[in-house]
Amino acid sequence: MKIPCFALLFFLFTLVSSAQKNTYPITAIKDSLKENADAVVRLDQMDIAIVSQKNMNIKIQRVISVFNEKGLSDIDAYQHYDKTTSIKNIEAIVYDAFGTEIKKIKRKDFRDQSAVSGSTLFSDNRVLYLDYTPVGYPFTIVYNSETETSNTAFIPQWYFLGGYYLSVEKCVLNVTFPNNLGFKKKEFHFSGFNIKKTIDTDTGLSYEAFNILARKTEDLSPSSRDLYPRIMMGLEKFHLEGVDGTATTWEDFGKWYGDKILTGTTELPEETKTKIKALVGNEKDPVEKAKIIYDYVQKKSRYVNIAIGIGGWKPMLASDVDRLGYGDCKALSNYTKALLQAVDVPSYNTILYGDRYKSNIQSDFVSMQGNHMILAIPHDDKYTFLECTSQDDPFGYQGTFTDDRDVLVVKPEGGVIVRTKIYEDKGNTQIDKGNYSIDENGNLSGHLSIASEGSQYSSKSRTETLQPTEKEAHYKEYWSNINNLKLGKITFTNDKQNIRFTEDVYVSAANYGVISANKMIFPVDAFNQSKSNVKRIRSRKNPFQIQRGYLDTDEIEINLPVGFSIEFLPSDFELKGKFGEYKTEIIRKENNKLTYKRSMFLNKGKYSNKEYDEYRLFMEQISRNDNAKIILTKN
Amino acid sequence: MKCIKFFSFLLVLFILNQTTAQEFKLGKVSVAELEQKKHPKDSSAAAAILYKKGSATIDYNQQEGFVLITHVEARIKVYKKEGYDWANQSVTYYNGSNDSREKVDFSDVCTFNLVNGKIEKTKLKSDGIFNEEVNKYRARKKITMPNVKEGSVLEYSYTIRTSNITMMRDWAFQTSIPVNYSEYVTYIPEYYTFSSRQKGYIFPKVTVNKQSRSILFTNKERSGGLSTHTTYSTDNVDYLETQTIYIAEDLPGMKEESFVNNINNYTSSMEQELSMVKFPNSQIKTFSTDWNSVAKTIYEYDDFGPELNKTGYFEDDLKALLAGVTSPEEKMLIILNHVKSNVKWNEYYGYSCDKGVRKAYQEKSGNIAEINLMLTAMLRHSGLTANPVLVSTRSNGVALFPNRTAYNYVIAAVETENGYILLDASEKFSIPNVLPLRTLNWQGRLIRKDGTSEEIDLMPKKASNDIVFLTYNIDPEGKVTGQARRQCTDYNAMITRKNIFSTKEDEYLEKLENQNNKIEISDYSKTNEKEILKPIIETYSFTGNNLCEIIGGKIYVSPMLFFSNEKNPFNQETREYPVDFGFPFMDKYNITIKIPDGYAVETLPAPAAMTMQDNLGSFKFNIAANENTLQMVISHQINEAIVSTQQYEMLKDYYKAMIAKESEKIVLKKI
């Protein structure tokens, strides 16, 4: 009897030992890491070797266990390449849940594709990516790649946590560098995370992090960049597409950028210069001159992005833009600068992050940053910023793409960090004036004028460019609270001088008043119902923020149907708090007429996770009061 | 003198004609075209195609034999900035390694502007031409035109050459902007027969001409020996060429609408497909001319029919699975489940196998053809009468005309006494006769072993149900507490299961709460979660503070709470294309409401019923009060998956009336 038992034990033992040889079985993952996770990063290691100013080698080893379809996007098994970045090695191995190898994917099995996307017309960037169909979940992928590049201007940022619904078992960063290139780093949001710095010398830097739990996405959260740990790295002496560069101070960096990258790009044909001078005529004021030129550029050019080699960083020649009438943000900014130069108005290329979400150039970390370029015109110790890729923006308008953030202004004497224009909450207005009538069958007909300014101008003025079907869809969405909405005449007034956009709209709708027996019921506020549906989040972890505040005021005349009397009228309502102020008022007038007044002011601000429910309730009360109904009884 | 005057008059007339009439020839841009501020028939158009001409010519040359040359030229007017996108053009072409490789060249690319009353012409230089190698097979030639402003007129032309004459491109007469004139001409030697198919609402005018052409062959003969000797001889072969001209004028821009399965089904366009080849002294070779021969051709492809005959790779597995199973239905379900759980779809479409069924089975993943042909083979092997059914997915457009490219997908059909049962093993929650939504696209084509075929209606006929039992109490503060039980069948069950299983339960409930007036859900449970042949049932308790309104001391409540339809999805004034619901359905609500003590009903919505013509759908609304309990039964039923544009107005009014009824309130007053 003993012998078979022994045999069984032996058999078990071999199973265990062979399993030990297997890589990363799913059973080895801690339960806490599985919570809220679609995938777990078992190991995420990057070895960056900066060999010289012109040579950087990056090795990536990622081991990811994927639990479901959503976790597929966390595999990140792709590598970009171009003329200056070559892929020396790329491969992947797939293991099943027990850690048994099921598939090996070699370089030739990766798909090779051009990486031209979105608004880019052409770029020589390409990508090798893994296209793997899982045969079952969970599974684990081990991905390895090695690249080499001569561009050392961009050392990849290191994110310890690569995404939401993803947890990390182990994360390692190793960087080696010569001590004479001025390597520097900046750490962000380390607190609360188990991150160890294992090496920090004049030739090496290493970090290790363990057990980072998966995070959920939550509405109104700051960007993950502003919440979770990351490291920025850079060199004081770097190389970019055949050009050596320096970045010790912003002044140096700006000078380098001006001398090495921008220089010689603003030449214009004499003919164009003459034309521009004639266009400006006797105008002396630099701002007025700039307005004329901005208008000229807007009418002449369009946005086309072609990114080849250094062209990704160096603007196209102004003379080419002049001939072709197109370019990307750098080309169009630089072209505008060249035209301004021709009429003796100074202006500076300005590098920044263009995004609705406000993000700064890190002012205390001198390096190549940003993704966008605008133009700064100095006057009276201030700057006016021009968005040169837009054919519609009013002069100096910064809307929601470049407002209120730190940017790098490249002056000939060097770079300086400047804050762009801040649109104050009280100036982001929408003023509604109008009226509506309800007939005895509950049908509504009315007219409204909506005037928008400040940051509200940016979203509203887009309505002007919509096609008729899109315009119809837009208003039916905007007034989705009104069923059976029919649009009448719509007129727009775009006052670019004062930056105010006015919509003048006639509407009608059958059955707005709901008739039940001898009563008619309808919400008083037909035209400006609060749209922010603030979700209930069971236990919120992140702080939240409101990036831009606003002020809406409404004054609407209401004509009630004849033959009805008012049974109930919502009472006046007021709400004040740290998030803002809200007030409604209904004034009864003779002949079944009412005046409805509403004002809603929202502060911008940053708040803690604990305040979220308070905000939700604040907005909910507003939305409930916006929905307050009037009840009429048939006489 | 008289004579001269007459002459000059003629000349003036001629010149006048030149400037006012549009000339459909590259370079001949008129001042009138440049001056035009908006499109005469569509003032909102951002741009318009003033003319577009295309030709497909099959030409002979001695090196390559017959080659296909496609030439396209166009003139585009830009009215507004939003039309600037038309200044970027691209042609995608095949760049693989075989004979089908295409070569694309742009030429005569110019921008015309009016500067101080004069026409200014800017030519495209090489810095505006790009070639993007997308992947191993495809590349894209792109141009971006210089000096484009509001009012500019753009011209371009390009030529595509290939030695694979079957690759004749489709021609779209219509696009998203107005087209004033569109012309397409084919030049086809008598040896080839193409079938051309038109779709859309606007048909071009067709003219056919025949002309004779000849090919000059030069033969070189060498006679060997000590001194080589070359002789040349020439042969002349005459043949007839058919020229077919298609012309369409004044085509309006296409507009996107919701509930449309694929706008391309309605765009005026044309496809050409080679149907026959007949060279002198050789046999006629026919390709697809009707659906039957299309099906037969596809069946005979190496990566289709033969793949159905392979059985070795699964025989052992199937034997084990089906041991002791006799009922055909059970066999079918076991096999479907076996394929579903063992071979995953790699998201690639097509009716042709890529790596083949055997390899797909081993590697546990494959494209649609591999999965469903394998399924068909297994069903056949188990003794069932099973056949593949070719399908064109919704994104591919409706298969209107017989040709091999009309289809892009394949499913399986089992023949039973009660008709066909359709199966697709590529989707987890799909069951017999409940197919993934992508396949629900009018007709498919079933192919039998002998190559004969038959049309199969893919559109579901049976209504998918969504039945809700809702019981709730209202308290004097307007707070609602209750239970909901929701049962979904067929397509609704498939969709619901997908929703449930695509998120974690916690998130699913959070979403459910937020979408339903921020109710709080507890005691959530599911029945038949895994038994996908049965309806899926969800039950939960809920409380809600936002479900009633207290106005002037009275309680107002929409009886269906968060289940009422609040918005009419059909808010367009007019409808260009049919409404596509995907499948017929019935939503039914059984509601029991308990009103608070001390309250009585003041007003109740009146019972109502309506039906649409042609039995398209019906709505019933019944309500009865019994002391402090209210009983309601509401049903909304659409009997057709597709509703024609003629019926749109009726459908819109039906929804309007239904929503008005559902939003009527019950009013409760204090006693």
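Listing for the model above:
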read-out: Out of A:Leu560, A:Leu485, sole residue that is farther than 21 Å from B:Pro569 by Cβ and either more than 13 Å from chain B (Cβ to nearest Cβ) or surrounded by 19 or more Cβ atoms within 10 Å (Cβ to Cβ) (or both); value: A:Leu560
read-out: Among (1) touching a residue at least 24 places away in the same chain (Cβ under 8 Å); (2) closer than 24 Å to B:Lys462 by Cα - the single one B:Gly598 does not satisfy; value: (2)
read-out: Region A:309-341, subset over 22 Å from A:Gly242 (Cβ atoms) and not in a helix (DSSP H, G or I), residue farthest from the other protein chains (Cβ to nearest Cβ); value: A:Tyr326
read-out: Strands (runs of 3 or more DSSP E) contained in region B:441-556 and holding at least 2 residues within 30 Å of B:Tyr299 (Cα to Cα); value: B:443-447, B:453-457
read-out: Any hit, region B:615-624, residues being over 20 Å from B:Lys462 (Cβ atoms) and not in a strand (DSSP E or B); value: no
read-out: Residues of region A:369-392 that turn out to be in contact with a helix residue (DSSP H, G or I) (Cβ under 8 Å, 6 or more places away or on another chain) and either part of a loop (DSSP other than H, G, I, E, B) or among the β-branched types (Val, Ile, Thr) (or both), as a count; value: 8
read-out: Any hit, region A:284-292, residues being surrounded by fewer than 22 Cβ atoms within 10 Å (Cβ to Cβ) and either in contact with a Lys or Arg (Cβ under 6 Å, 6 or more places away or on another chain) or within 14 Å of another protein chain (Cβ to nearest Cβ) (or both); value: no
read-out: Members of region B:600-615 found to be hydroxyl-bearing (Ser, Thr, Tyr) and either surrounded by fewer than 13 Cβ atoms within 10 Å (Cβ to Cβ) or modelled with pLDDT of 90 or more (or both), listed by number; value: B:Thr611
read-out: Leading residue by the ranking (modelled with the lowest pLDDT) among those in region B:118-163 that are assigned to a strand (DSSP E or B) and among the basic types (Lys, Arg); value: B:Arg138
read-out: Residue check, B:Tyr313 within 14 Å of another protein chain (Cβ to nearest Cβ), among the hydroxyl-bearing types (Ser, Thr, Tyr) and free of Cβ contacts under 8 Å to residues at least 60 places away in the same chain; value: no
read-out: Residue satisfying condition, being assigned by TED's automatic domain parsing to the domain that holds B:Ser341, surrounded by fewer than 21 Cβ atoms within 10 Å (Cβ to Cβ), more than 22 Å from A:Glu69 (Cβ to Cβ) and without any contact (Cβ under 8 Å) to a residue 24 or more places away in the chain, within set B:Glu417, B:Glu363; value: B:Glu417
read-out: Scope region A:342-368; condition aromatic (Phe, Trp, Tyr) and either in a helix (DSSP H, G or I) or without any contact (Cβ under 8 Å) to a residue 60 or more places away in the chain (or both); matching residues; value: A:Tyr353
read-out: Enumerated strands (runs of 3 or more DSSP E) restricted to region A:488-534, each holding at least 1 residues that are away from chain B (no Cβ under 12 Å); value: A:500-509
read-out: Residues being within 14 Å of chain A (Cβ to nearest Cβ) and surrounded by fewer than 13 Cβ atoms within 10 Å (Cβ to Cβ) - total across region B:98-122; value: 2
read-out: Single condition B:Asp59 does not satisfy, out of (1) under 28 Å from the mean Cα position of the chain (by Cα); (2) closer than 30 Å to B:Thr242 by Cβ; (3) more than 14 Å from chain A (Cβ to nearest Cβ); value: (1)
read-out: Hey, A:Tyr550 modelled with pLDDT of 95 or more and closer than 30 Å to A:Arg215 by Cβ or not; value: yes
read-out: One residue from A:Asp328, A:Asp320, A:Asp344 being surrounded by 20 or more Cβ atoms within 10 Å (Cβ to Cβ) and acidic (Asp, Glu); value: A:Asp328
read-out: Residues satisfying the stated conditions in region A:349-375, i.e. under 25 Å from B:Lys81 (Cα atoms), crowded, with 21+ Cβ neighbours inside 10 Å and not β-branched (Val, Ile, Thr); value: A:Met373, A:Leu375
read-out: Top-ranked residue of region B:85-95 - restricted to ones that are in contact with a Ser or Thr (Cβ under 9 Å, 6 or more places away or on another chain) and either in a helix (DSSP H, G or I) or under 19 Å from A:Gly327 (Cβ atoms) (or both), ranked as farthest from the other protein chains (Cβ to nearest Cβ); value: B:Gln89
read-out: Conditions (1) farther than 22 Å from B:Leu400 by Cα; (2) within 14 Å of chain A (Cβ to nearest Cβ); (3) modelled with pLDDT under 95: number failed by B:Ser176; value: (1)
read-out: From B:Ser195, B:Ser182, residue being surrounded by 19 or more Cβ atoms within 10 Å (Cβ to Cβ), more than 14 Å from chain A (Cβ to nearest Cβ) and under 26 Å from the mean Cα position of the chain (by Cα); value: B:Ser182
read-out: Options A:Asp380, A:Asp322: the member that is of a type in the set (D, E, K, R) and closer than 27 Å to A:Ser123 by Cβ; value: A:Asp322
read-out: Some residue of region B:507-528 being under 32 Å from the mean Cα position of the chain (by Cα), farther than 28 Å from B:Leu423 by Cα and hydroxyl-bearing (Ser, Thr, Tyr); value: yes
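Residue-wise test of (1) within 14 Å of another protein chain (Cβ to nearest Cβ); (2) buried (at least 17 other Cβ atoms within 10 Å of the Cβ); (3) free of Cβ contacts under 8 Å to residues at least 12 places away in the same chain.
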{"residue": "B:Trp345", "(1), (2), (3)": "yes, yes, no"}
{"residue": "B:Ile368", "(1), (2), (3)": "yes, yes, no"}
{"residue": "B:Leu373", "(1), (2), (3)": "no, yes, no"}
{"residue": "B:Gly383", "(1), (2), (3)": "no, no, no"}
{"residue": "B:Ala386", "(1), (2), (3)": "no, yes, no"}
{"residue": "B:Ser392", "(1), (2), (3)": "no, yes, no"}
{"residue": "B:Gly397", "(1), (2), (3)": "no, yes, no"}
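Per-residue answers, yes or no, for (1) surrounded by fewer than 18 Cβ atoms within 10 Å (Cβ to Cβ); (2) farther than 25 Å from B:Asn367 by Cβ; (3) without any contact (Cβ under 8 Å) to a residue 12 or more places away in the chain:
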position	(1), (2), (3)
A:Arg42	no, yes, no
A:Asn55	yes, yes, no
A:Lys59	yes, yes, no
A:Ile75	no, no, no
A:Tyr81	no, yes, no
A:Lys108	yes, no, yes
A:Leu121	no, yes, no
A:Gly136	yes, no, no
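One line per residue, one yes/no per condition, for (1) at pLDDT 80 or above; (2) within 14 Å of chain A (Cβ to nearest Cβ); (3) outside any loop (DSSP other than H, G, I, E, B); (4) touching a Ser or Thr at 6+ places or on another chain (Cβ under 9 Å):
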position	(1), (2), (3), (4)
B:Ile215	yes, no, yes, no
B:Thr218	no, no, yes, yes
B:Leu226	no, no, no, no
B:Thr230	no, no, yes, yes
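Residues checked against (1) more than 40 Å from the chain's Cα centre (by Cα); (2) surrounded by 16 or more Cβ atoms within 10 Å (Cβ to Cβ); (3) over 18 Å from A:Lys433 (Cβ atoms):
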| site | (1), (2), (3) |
| --- | --- |
| A:Asp572 | no, no, yes |
| A:Glu581 | no, no, yes |
| A:Lys593 | yes, no, no |
| A:Lys597 | no, no, no |
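The values are calculated or read from the model by the stated rules, or taken from the named source; none is laboratory data. These figures come from a predicted structure and were not determined experimentally. A quick note on method: Cβ atoms are made from the backbone with ideal geometry, for glycine too, and the neighbour counts reach across all protein chains shown.
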